[in-house]
Amino acid sequence: MKIKLLTAAMLAGLMMAGSALAMDSKAIEEHRQKIEDNYIQTAEEEGELEALEQKVEELEEMIEMMIEDQEA
């Protein structure tokens, strides 16, 4: 299960990097930092697996937002 989540996180990161041109780099960095902060907090409170699941979901949402912005 952890391998799948790590793979998904890495793929999401690669997709995010590919779509980074669609959004302002400062906005992307701020959003990415927020996701990382949420990951750390969730890992401390609920465990690393739950934190990874949440991080993947947030990265997917960010990618979708970038794609929508790129299509507009």
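The conditions are (1) touching a residue at least 12 places away in the same chain (Cβ under 8 Å); (2) touching a helix residue (DSSP H, G or I) at 6+ places or on another chain (Cβ under 6 Å); (3) not basic (Lys, Arg), and ALA43 fails exactly one of them. Which is it?
For ALA43, the failing item is (1).
Quick check on my filter: what residues within the stretch 50-70 are β-branched (Val, Ile, Thr) and either surrounded by fewer than 17 Cβ atoms within 10 Å (Cβ to Cβ) or in contact with a strand residue (DSSP E or B) (Cβ under 8 Å, 6 or more places away or on another chain) (or both)?
Selection gives ILE67 alone.
So ALA20 fits all but one of (1) modelled with pLDDT under 75; (2) under 23 Å from GLU71 (Cα atoms); (3) buried (at least 16 other Cβ atoms within 10 Å of the Cβ); what number is the exception?
(3)
Across the stretch 23-49, which residue is surrounded by the most Cβ atoms within 10 Å (Cβ to Cβ) among those that are of a type in the set (D, E, K, R), closer than 16 Å to ALA9 by Cα and at pLDDT below 90?
The residue in question is ARG32.
The values are calculated or read from the model by the stated rules, or taken from the named source; none is laboratory data. Just so we're clear, the structure is a prediction, and the values are computed from it rather than from any experiment. Every residue, glycine among them, receives a Cβ derived from its backbone with ideal geometry; neighbour counts consider all protein chains shown.
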